[in-house]
Amino acid sequence: MKQLPLLVTTLLLAACSAAKTTDSAPPTPTPAPTSDAGADATADGGADPCLGATPRTVRLDPKTATTREVQTAFVSARPGDVIELGEGTFKLDNTLSLSASCVTVRGAGREKTILDFATQAAGSDGLYGDHTSRLVLEGFSVRDARGNAIKVLGGEDLVFRGLGTSWTGPDPSKHGAYGLYPIQSKRVLIEDCVATDASDSGIYVGQSSHVVVRRNRAERNVAGIEIENTFFADVYENVATGNTAGILVFDLPGLPQVGGHSVRVFKNELRANNTKNFAPKGNTVGIVPAGVGFFVMANHDVEVFENTFTDNVTFHSAVVSYFVTQLPINDPKYDPYPSRVYLHDNKYVGGGDAPDSSNELGQLLLFNQSDFPGKIMSRVMYDGVVDDKRPASANPMEICVKASAEATFANVHLDTMKGLDFTPTFDAEKHACTAPVLAPVTWPGLK
């Protein structure tokens, strides 16, 4: 395994669980697939799960429905059911579990229908979907779940629309980890949602394929939006503000799906993500410094464009390898290097002038702050770690940056750092390339 000088800075490895591993030489990445049109559900599993469904509407009024009645509506749902949640607050003390396909759960509106789990005594999630397909969740909020607010495992054709997730407890480190949390799922749409106050990530998509995250607001989380080990994702027109870090795209070893690729992050607003990290002690996300706009780690084929970065005080954007974690690797399928990452046409305002002094990475940047022009971190930071197996060139990992007076660039050369001292170079011309523009993510039925 490539060794970097020991950093106590495992750079921004947010919301991940690293496997116990031993060294293994990583392969050179193969090109990402050129087609991103997701197959429909019948192609994955044969028969249409909704065929022959008899639609029912189950109406629940928070003034009269008991916890048991609400739970029964979810547990005993049948394909085609619509569960209507009336206006008001449902006081719930257990997870609402759903496994039926072709179900819609609809509230009266994000601010009108509240599922309140403040007295939750059993289960960890607020709402949990288990290997369901064609699930639509819309128009309600989940508040104060003991663990994750809304989690769906192994789903297909999922819609999260107009939802809210939040926690209100006085100690934010005791808030649940994730707001919206689809994992190992296919064809996921998350739109027009508001996710706040999570002790890990407001919106987290993991080990999934064909994902669209659009027009959401993530605020006051440790991480606003995270895309992990995922193929084909579009993240656009979101607002990430007041988090510790705004938007993160990364790939980790030892998981069922590795090799995250084909991710576009565009037309987002990443503003003042400077909230002190409040993750519980010992959580990996706790290493993230306050003041980070965006970073990509170990993914390939990532395009970041037309975003607005404003007043993220540690740095606005970064491209890093998995080696910054200093964790060993024992996954022959895993490639720890970022490659074919293209940042262009982004707008940067302020920021980079006050790295988080309470965090080890922030302290490292503070130690070297005088090496940067005007003592301001460059708008695009690159760790400079390259795969020695690639043909020698000025830019072997194909990290492309459309630099300008506004979009300044720095290679911090972490692989040659001595102690806390690194020597950044500002050779933007070596990275003044144009990577292939990625195609929009789509699948049958997506509008």
Return the residue satisfying two criteria in turn: it lies in segment 264-300 and is touching a residue at least 60 places away in the same chain (Cβ under 8 Å), of a type in the set (A, V, I, L, M, F, W, C) and part of a strand (DSSP E or B), and of such residues it is surrounded by the fewest Cβ atoms within 10 Å (Cβ to Cβ). Phe295
In segment 218-253, residue surrounded by the most Cβ atoms within 10 Å (Cβ to Cβ) [restricted to those that are among the charged types (D, E, K, R) and closer than 21 Å to Gly176 by Cα]: Glu226
What number of residues in segment 105-139 are within 19 Å of Thr67 (Cβ to Cβ), assigned to a strand (DSSP E or B) and more than 21 Å from the chain's Cα centre (by Cα)? 7
Within segment 326-337, is there a residue that is under 25 Å from Asp371 (Cα atoms) and in contact (Cβ under 8 Å) with a residue 12 or more places away in the chain? yes
The lone exception for Phe305 - which of (1) under 18 Å from Arg379 (Cα atoms); (2) in contact with a Cys (Cβ under 9 Å, 6 or more places away or on another chain) it fails: (2)
Select from segment 131-177 the residues that are acidic (Asp, Glu), over 17 Å from Ile83 (Cα atoms) and in contact with a strand residue (DSSP E or B) (Cβ under 9 Å, 6 or more places away or on another chain) and list them in ascending order. Asp144, Glu156, Asp157
Looking at the structure I just gave you, is Asp331 under 23 Å from the mean Cα position of the chain (by Cα) and acidic (Asp, Glu)? yes
Would you check if Asn148 is at pLDDT 95 or above, surrounded by 15 or more Cβ atoms within 10 Å (Cβ to Cβ), polar (S, T, N, Q) and within 26 Å of Ala218 (Cβ to Cβ)? yes
Scanning segment 291-311 residue by residue, the ones that are within 22 Å of Asp200 (Cα to Cα), in contact with a Pro (Cβ under 9 Å, 6 or more places away or on another chain) and not β-branched (Val, Ile, Thr) total 4
If Ile399 satisfies every condition in (1) farther than 22 Å from Arg271 by Cα; (2) aliphatic (A, V, I, L, M); (3) free of Cβ contacts under 8 Å to residues at least 60 places away in the same chain but one, which is the exception? (3)
Matching residues, segment 388-407, being surrounded by fewer than 18 Cβ atoms within 10 Å (Cβ to Cβ) and closer than 18 Å to Val324 by Cα: Asp388
Answer from Gly352, Gly445, Gly384 - the residue that is at positive phi and surrounded by fewer than 16 Cβ atoms within 10 Å (Cβ to Cβ): Gly445
Just give me the residues in segment 146-201 being within 22 Å of Ala118 (Cβ to Cβ), in a strand (DSSP E or B) and of a type in the set (A, V, I, L, M), in sequence order. Ile150, Leu180, Val194, Ala195
Name the residue that is modelled with the highest pLDDT, counting only residues in segment 342-371 that are part of a helix (DSSP H, G or I) and among the small types (Gly, Ala, Ser). Ser370
Subset of segment 326-341, residues at pLDDT below 95 and either of a type in the set (A, V, I, L, M) or closer than 19 Å to Gly291 by Cα (or both), comes to Leu327, Ile329
Log entry, pairs with first residue in segment 411-437 being over 17 Å from Ile376 (Cα atoms), second being surrounded by fewer than 14 Cβ atoms within 10 Å (Cβ to Cβ) and among the aliphatic types (A, V, I, L, M), beta carbons closer than 7 Å, six or more apart or on different chains, reads Lys430/Ala394
Meets criteria (over 30 Å from Arg134 (Cβ atoms), out of contact with any helix residue (DSSP H, G or I) (no Cβ under 6 Å at 6 or more places or on another chain), of a type outside the set (Ser, Thr, Tyr) and surrounded by fewer than 17 Cβ atoms within 10 Å (Cβ to Cβ)) for Ala410: no
Among residues of segment 64-104, those that are under 29 Å from the mean Cα position of the chain (by Cα), more than 21 Å from Ser124 (Cβ to Cβ), not small (Gly, Ala, Ser) and not in a strand (DSSP E or B), counted: 2
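The values are calculated or read from the model by the stated rules, or taken from the named source; none is laboratory data. Just so it is clear, the model here is predicted, and its values are computed rather than measured. Glycine also receives a Cβ, built like all others from the backbone with ideal geometry; neighbour counts cover every protein chain displayed.
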